[in-house]
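This report refers to the structure that appears directly beneath it.
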Ligand code: IPM
Ligand code: MG
């Protein structure tokens with residue numbers, strides 16, 4: 001009997017619906033050959049949810065996600081919703097989803113594809129062969145720490161406050177994901193903190209060092225975040241797996257993504273406790289400037305579906321099939337505008353989808 005999976009689809013805003021529909025077609029196409037059966041249910045999040053309900057993460061959407069085997073998210077946000085109060089912003093819906101599913105581990109690969117090496121703004125010899133996995137803590141740190149807010153002081157001035165806080169248990173669980181990930185990759189883990197200044201980082205470092213004893217096969221190093229940012233653009237090949245907190249991971253993962261020159265190609269996985277649904281989404285945003293024009297690159301969404309198969313549903317063979325298909329269409333010369341270079345065959349989102357279906 002086919003293995004059945006309930007997948008919640010969150011197409012969101014901007015180019016989201018276009019790249020999602022291509023991805024669903026591709027998933028449907030590969031399902032039978034791996035004896036998989038997907039039930040797709042769509043729900044609103046972000047701007048479309050604000051327009052429909054006033055809430056960027058309606059309760060039904062969160063419930064549906066909690067009751068599924070995996071969640072495939074496209075992108076949220078757009079100019080239209082940028083000036084709403086914080087609790088009604090699309091980003092708040094995304095943070096609510098992360099918190100509501102306890103997605104504490106965010107895996108963001110930055111792998112340079114030989115076909116796209118000239119799209120990088122860095123020299124070929126600096127980026128050739130780059131293959132980095134950023135493991136970012138996603139439900140703690142300064143994004144969620146209390147107290148937070150804008151408060152009136154006694155003098156009548158305002159004071160804006162956010163709090164960077166981690167408990168040892170929070171550090172331990174993300175550090176373990178870091179060690180386990182490094183173990184399955186190149187065996188090197190770099191923990192990034194700001195322990196020379198921040199107490200929260202000192203605790204972070206102490207815990208990572210303590211856990212290292214359980215992973216003798218992993219070579220552990222530490223960098224302060226400012227130096228890590230510099231090293232990422234100076235000599236990115238020194239990195240294999242990076243583990244870091246929420247804010248540092250937000251910043252460093254964008255820098256790592258840009259090494260590849262093609263942010264439109266990068267997927268991510270956000271994972272909670274084993275057996276609980278993860279969320280799989282492209283690293284890029286909703287690109288409102290090209291929305292609805294059939295120009296978007298669907299490959300990051302396709303590769304996010306591959307991460308869903310690999311990390312969320314434990315179907316590595318099906319994951320590999322999608323990854324190889326994405327490489328095959330690049331090898332065949334197909335390019336959307338964002339990764340176009342000389343000699344490429346410029347296609348839109350739909351045509352890229354058709355090319356993928358053909359290779360599959
Ligand atoms: C990301 C984004 C989000 C974050 C925003 C949209 C809330 O930048 O996923 O990296 O800061 O985490
Ligand atoms: Mg970010």
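Throughout, read-outs are computed from the coordinates displayed, never taken from laboratory work. Please read these numbers as outputs of a predicted model, since none were measured by experiment. So basically every Cβ, Gly included, is an ideal-geometry build from the backbone, and we count neighbours across all protein chains shown.
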Kindly work out what percent of the DSSP beta bridges joining two residues of the chain are antiparallel, to the nearest 5. 40
Would segment 121-251 count as rounded, prolate or oblate if I go by the C-alpha gyration tensor, calling it rounded below 1.5 in a/c and otherwise prolate when a/b exceeds b/c, oblate otherwise? oblate
Below 8 Å, C-alpha to C-alpha, sequence gap of six or more: please give me the relative contact order for the chain in percent. 21
When 81, 204 are ranked with the fewest other C-beta atoms within 10 Å first, the list becomes 81, 204
Shape of segment 245-287, Cα gyration tensor, a/c cut at 1.5: oblate
With the 8 Å Cα cutoff and a minimum separation of six or more residues, segment 131-258 has a relative contact order in percent of 37
In Å, what is the Rg of the alpha-carbon atoms in the chain, and how long is Dmax? 20.4, 70
Go ahead and set up a Gaussian network model of the chain, Cα springs under 10 Å, then flag whichever of 180, 342, 128 fluctuates most. 342
Once you have the Cα-Cα distance between residue 159 and residue 39, take 0.36 nm times their residue separation minus that, and quote the gain in nm to one decimal. 38.4 nm
What is the order of 205, 86, fewest Cβ neighbours within 10 Å to most? 86, 205
Could you check the simple spin-label distance between residue 357 and residue 168, using points 7 Å along Cα→Cβ, in nm with one decimal? 5.6
Within segment 73-109, backbone nitrogen closer than 20 Å to the virtual label 7 Å beyond the Cα of residue 152 toward Cβ: 86
Fewest-first ranking of 248, 40, 151, using other Cβ atoms within 10 Å as the exposure measure: 151, 40, 248
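With a ≥ b ≥ c the root eigenvalues of the C-alpha gyration tensor of segment 290-329, is it rounded (a/c under 1.5), prolate (a/b larger than b/c) or oblate?
oblate
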Taking R0 as 25 Å, what FRET efficiency do you get between residue 29 and residue 346 from their Cβ-Cβ distance, rounded to the nearest 0.05? 0.60
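What percent antiparallel are the DSSP beta bridges of segment 137-292, to the nearest 5?
Numbers: 8 of 18 bridges.
Restricted to segment 137-292, the bridges split so that about 45 percent are antiparallel.
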